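Colleague: I'd like to ask some things about the structure below.
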Amino acid sequence: MSDQTPGLPCPECGFNIQVSIEMLLSGKPIWCTACGLKLEVDWEASLDTLKSLEKLQKGLREAELMRTGTTPPPDIPGGPAY
């Protein structure tokens, strides 16, 4: 496993932009803090990938709840609509 912080290289300057699954699913732009480039997810072209990320995020949450033995919160309406 890599020690690198999850993210992606900026296509403009190469700086590692820290990006979480939550950030990608939020629909908000992602900014390179080194050069200021604004990146936006192309929702239409990325639909299958975004659905997979949403499933992964849900599975990670469920695994954490099982690990900690806590009760999951109720689903929150108004989440991302694909």
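Colleague: Could you check region 35-54 and list, in sequence order, the residues that are outside any loop (DSSP other than H, G, I, E, B) and open to solvent by less than 50 Å² (accessible area, probe 1.4 Å)?
Modeller: Residues satisfying the conditions are Leu39, Leu50, Leu53.
Colleague: In region 55-72, what residues are over 19 Å from Gly7 (Cβ atoms) and open to solvent by 70 Å² or more (accessible area, probe 1.4 Å)?
Modeller: Once the filter is applied, which keeps residues that are over 19 Å from Gly7 (Cβ atoms) and open to solvent by 70 Å² or more (accessible area, probe 1.4 Å), region 55-72 yields Lys55, Lys58, Arg61, Glu62, Glu64, Met66, Arg67, Thr70, Thr71, Pro72.
Colleague: Which residues, taken from region 13-34, are surrounded by fewer than 13 Cβ atoms within 10 Å (Cβ to Cβ) and either β-branched (Val, Ile, Thr) or farther than 26 Å from Arg61 by Cα (or both)?
Modeller: Cys13, Gly14, Thr33
Colleague: Ok, one more. Are any residues in region 23-54 of a type in the set (Phe, Trp, Tyr) and modelled with pLDDT of 95 or more, and if so, which ones?
Modeller: Listed by number, the list holds a single entry, Trp31.
The values are calculated or read from the model by the stated rules, or taken from the named source; none is laboratory data. Not measured: the values here are computed from a predicted model. Virtual Cβ from ideal backbone geometry, glycine too; neighbours counted across all protein chains shown. Side chains included, ligands, DNA and RNA excluded: accessible areas come from the protein's heavy atoms. Shrake-Rupley method; radii C 1.70, N 1.55, O 1.52, S 1.80 Å.
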